[in-house]
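The values are calculated or read from the model by the stated rules, or taken from the named source; none is laboratory data. Because the structure is predicted, anything quoted here is derived from the model rather than measured. For neighbour counting, all protein chains shown are included, and Cβ atoms are generated from backbone atoms with ideal geometry for every residue, glycine included.
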Amino acid sequence: MKKILIIVLLSTIFMGCNKDSLDKPLADILYVKSNGNSMPAYIYGNGKDKVFMLLLHGGPGGNGIEYRDGLYAELLEKEFAVIYWDQRGQGMAQGKPDKADLNIELMAQDIEKLIAVIRYKYGKDSKIFLYGHSWGGMLGSAFIVNKDRQKLVSGWIESNGAHDLPFLNIETVKLFITIGNEQIAKNHSVAQWTDIVKWAKAIDTNNISSEISGELNSKAFEVEDLLGNDGELADSKPSDKLYFYSPINKITNFITGNKTNLLLNDEIEKTSFTPQIGNIAVPCLFMTSKFDFVVPPALAIDAFQRKVGMDKELKIFEFSGHSPMNGEAELYANTIINFIKKYK
Amino acid sequence: MLHYQFGTAKTVMNKIILLLILSLSAKVYGQHLHYKGSLLGNQLIYPGINIQAEKIVYSKEKIKEGKHNKIWKKQRNIIATIDLGAYCHPKMFTALINTYGIKYQKITKRSWFYETGVGFGFARTFLPETYTVKDDGSVKKVFLPGYAYFTPKVDFIWGRQFKKPFLIDQVFIKTSALYLLHYNYTNLPTFSVEIGMGININNLQSQKQK
């Protein structure tokens, strides 16, 4: 019996042991422990040039590895290494953090620690581009608007990023009305769009409560189905990843991610990084989609205009909703690849 | 921070090893323990093993004589249990679980048995390569990274006793719901299904004596 116990213990201890080599494609998993939580980073792709794209997932309540799906991820990983990271209290992060400490600033500090660990493991000359999608755009903005922290990265890529919730809610209402009327004029799902436009017009944009904000978010995902059925969106290929092969435990991810989302919700609803975008001194790529009702294109366009200097790019995907990496995968990946190659 | 981590891990591991040795060596002191070994699937798909030592603390038996002088026996037992198990979530973590429980067992006249149990214990997770960053910005690798969670549990077991006294005296299926308390910002329920067998060392000894 003792022998079995010793074998179990030894296999546990040596489980994470592997040789670090940047010549072959990276496939590493490491955890970063910070303020009561250990958060996994899944690092895949070409590490030869020590160029990393640190991916901040959406949610809160998502996970990093769900972004490693499809053609765009394959194309990105051919060019450089992608760090798919599970943020605090989400994905496969675990530990006993204190609820009272949870806020966006603490999560931005987690990113700083992850970057320190990446440089420790892969070399101080590693170049890191920060990427945030959706909620990841807000979290990444919290990191990047800080003048000391932004020196740690070579660039900021915000895709459909929600860096200003009050602004986002107002623009979502406007977009429902504008696109709704366009769709009615095109004779697309007229009955549904008529109801949506009527509902949107009734919202007082000077006083959007968190309940209305939640409704806007739900409706935003619903209308993507309408647009898809009416041929406005590029076909997006659903994930073919099997439950059995994912390192993510979907039950754990659902339960812990939703709780973290709930705890952050009040802060997120009030947060706006728009006034601080002028602080960003590193190259920026702002990406958005014409039919993104979850995070309307106005946010990316506004951020692009506010960013000081010429080292900035704006890309609008014409046939996509909130996740252009699925529908316009090749164009999406190439936009990122070209930006990183230019500024690495 | 590193010292704290080392201390916590070492203390928990020492307790688990000590409890295991005590439970498995209890027979030395004349206790009649029954053991169960099983393969488990945490959340159905993450593989693991579990060993249970159990002792009847209360027993009620009804014996009836049927046709052809056949004897039918019904039994109700209250059983104390100690479990030690482990499961692995490949690449992500391994968990050691040590729980203590009490269960109610009903054995039918045809030797099928049903058990319902409750208990509590501790789960210790072991993470792979983990780093922490100190206030001065230096990076350190964490020794034996992972967390200990308090874990209440509920078990439901269905099985069949073998009438002849072999070393393996029963087979069973067990479903368990185990709560990891204070996991991230909430409490995490995990579910396991086990397939296993009962081992009665007394039967082996009596067979040898024969």
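Confirm whether A:Leu285 is in a helix (DSSP H, G or I), touching a residue at least 60 places away in the same chain (Cβ under 8 Å) and within 24 Å of A:Leu168 (Cα to Cα).
no
Among the listed residues A:Leu71, A:Leu114, identify the single one that is among the hydrophobic types (A, V, I, L, M, F, W, C) and more than 10 Å from chain B (Cβ to nearest Cβ). Please lay out each step first, then the result.
Working: A:Leu114 fails: more than 10 Å from chain B (Cβ to nearest Cβ).
After applying the criteria, what remains is A:Leu71.
Listed here are the residues, each with its yes/no results for (1) in a strand (DSSP E or B); (2) more than 14 Å from chain B (Cβ to nearest Cβ); (3) surrounded by fewer than 24 Cβ atoms within 10 Å (Cβ to Cβ); (4) free of Cβ contacts under 8 Å to residues at least 12 places away in the same chain.
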position	(1), (2), (3), (4)
A:Ile29	yes, no, yes, no
A:Met39	yes, no, no, no
A:Leu54	yes, yes, no, no
A:Leu76	no, yes, no, no
A:Gln87	no, no, no, no
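Looking at (1) part of a helix (DSSP H, G or I); (2) closer than 30 Å to A:Asn103 by Cα; (3) in contact with a helix residue (DSSP H, G or I) (Cβ under 6 Å, 6 or more places away or on another chain); (4) among the polar types (S, T, N, Q), which is the only condition A:Thr205 fails?
Looking at each condition in turn, A:Thr205 falls short on (1).
Looking at the structure I just gave you, is B:Tyr100 part of a strand (DSSP E or B), within 28 Å of B:Gly146 (Cβ to Cβ) and either over 18 Å from the mean Cα position of the chain (by Cα) or without any contact (Cβ under 8 Å) to a residue 40 or more places away in the chain (or both)? Working first, answer last.
Values: part of a strand (DSSP E or B): yes; within 28 Å of B:Gly146 (Cβ to Cβ): yes; either over 18 Å from the mean Cα position of the chain (by Cα) or without any contact (Cβ under 8 Å) to a residue 40 or more places away in the chain (or both): yes.
Spelling it out, B:Tyr100 is indeed part of a strand (DSSP E or B), within 28 Å of B:Gly146 (Cβ to Cβ) and either over 18 Å from the mean Cα position of the chain (by Cα) or without any contact (Cβ under 8 Å) to a residue 40 or more places away in the chain (or both).
Of the numbered conditions (1) more than 14 Å from chain A (Cβ to nearest Cβ); (2) out of contact with any strand residue (DSSP E or B) (no Cβ under 9 Å at 6 or more places or on another chain), B:Thr99 satisfies every one except a single condition; which is it?
(2)
So the check is Cβ under 7 Å with 6+ separation or different chains; which pairs have a first residue in the range A:122-148 that's of a type in the set (D, E, K, R) and a second one that's outside any helix (DSSP H, G or I) and modelled with pLDDT under 95?
A:Lys127/A:Lys344
Would you point out the residue of the range A:118-146, among those that are within 14 Å of chain B (Cβ to nearest Cβ) and surrounded by fewer than 23 Cβ atoms within 10 Å (Cβ to Cβ), that is farthest from B:Lys141 (Cα to Cα)?
Within the range A:118-146, the first condition is being within 14 Å of chain B (Cβ to nearest Cβ), and the residues that meet it are A:118-124, A:126.
Filter once more, so that each one left must be surrounded by fewer than 23 Cβ atoms within 10 Å (Cβ to Cβ): A:119-124, A:126.
On the way: A:Arg119: 14, A:Tyr120: 10, A:Lys121: 10, A:Tyr122: 14, A:Gly123: 15, A:Lys124: 17, A:Ser126: 19 Å.
So the residue we want is A:Ser126.
Filter the range A:94-111 for residues that are within 16 Å of the chain's Cα centre (by Cα) and within 13 Å of chain B (Cβ to nearest Cβ); which is surrounded by the fewest Cβ atoms within 10 Å (Cβ to Cβ)?
To start, the set of residues in the range A:94-111 that are within 16 Å of the chain's Cα centre (by Cα) comprises A:104, A:107-108, A:110-111.
Now narrow it down to the ones that are within 13 Å of chain B (Cβ to nearest Cβ): A:107, A:110-111.
On the way: A:Met107: 25, A:Asp110: 23, A:Ile111: 26.
Restricting to residues being within 16 Å of the chain's Cα centre (by Cα) and within 13 Å of chain B (Cβ to nearest Cβ), the top hit is A:Asp110.
Out of curiosity, is B:Phe166 surrounded by fewer than 20 Cβ atoms within 10 Å (Cβ to Cβ), of a type in the set (Phe, Trp, Tyr), facing chain A (nearest Cβ under 9 Å) and under 23 Å from the mean Cα position of the chain (by Cα)?
No, not satisfied.
One line per residue, one yes/no per condition, for (1) modelled with pLDDT under 95; (2) under 15 Å from the mean Cα position of the chain (by Cα):
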site	(1), (2)
B:Gly121	no, yes
B:Asp136	yes, no
B:Lys140	no, no
B:Thr151	no, yes
B:Phe162	yes, no
B:Ile173	no, yes
B:Ile201	yes, no
B:Ser206	yes, no
B:Lys210	yes, no
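Residue check: is A:Ala93 aliphatic (A, V, I, L, M), under 15 Å from B:Tyr185 (Cα atoms) and in contact with a Pro (Cβ under 9 Å, 6 or more places away or on another chain)?
Details: aliphatic (A, V, I, L, M): yes; under 15 Å from B:Tyr185 (Cα atoms): yes; in contact with a Pro (Cβ under 9 Å, 6 or more places away or on another chain): yes.
So A:Ala93 fits the description; yes.
Does A:Pro296 meet the test of being closer than 25 Å to A:Ile336 by Cβ and at pLDDT 95 or above? Steps first, please.
Working: closer than 25 Å to A:Ile336 by Cβ: yes; at pLDDT 95 or above: yes.
Considered against the rule, which asks whether it is closer than 25 Å to A:Ile336 by Cβ and at pLDDT 95 or above, A:Pro296 comes out as yes.
Out of A:Lys33, A:Lys2, A:Lys24, report the one residue that is charged (D, E, K, R), modelled with pLDDT under 95 and in contact with a helix residue (DSSP H, G or I) (Cβ under 9 Å, 6 or more places away or on another chain).
A:Lys2
Filter the range B:144-161 for residues that are within 14 Å of another protein chain (Cβ to nearest Cβ) and in a strand (DSSP E or B) and give the result.
B:Ala148, B:Tyr149, B:Phe150
Report, by residue number, each residue of the range A:318-337 that is in contact with a strand residue (DSSP E or B) (Cβ under 9 Å, 6 or more places away or on another chain) and not in a loop (DSSP other than H, G, I, E, B).
Answer for the range A:318-337, where residues must be in contact with a strand residue (DSSP E or B) (Cβ under 9 Å, 6 or more places away or on another chain) and not in a loop (DSSP other than H, G, I, E, B): A:Pro324, A:Met325, A:Gly327, A:Leu331, A:Tyr332, A:Thr335, A:Ile336.
Considering only the range B:117-143, state which residues are among the hydrophobic types (A, V, I, L, M, F, W, C), at the interface with another protein chain (Cβ under 10 Å from one of its Cβ atoms) and part of a strand (DSSP E or B).
B:Phe126, B:Val133, B:Val139, listed by residue number.
Look at the range B:49-92 and say how many of its residues are in a strand (DSSP E or B), more than 11 Å from the chain's Cα centre (by Cα) and within 14 Å of chain A (Cβ to nearest Cβ).
Of the residues in the range B:49-92, 3 are in a strand (DSSP E or B), more than 11 Å from the chain's Cα centre (by Cα) and within 14 Å of chain A (Cβ to nearest Cβ).
Does B:Ile49 satisfy the criteria of being modelled with pLDDT of 95 or more and either of a type in the set (Asp, Glu) or surrounded by fewer than 17 Cβ atoms within 10 Å (Cβ to Cβ) (or both)?
Spelling it out, it is not the case that B:Ile49 is modelled with pLDDT of 95 or more and either of a type in the set (Asp, Glu) or surrounded by fewer than 17 Cβ atoms within 10 Å (Cβ to Cβ) (or both).
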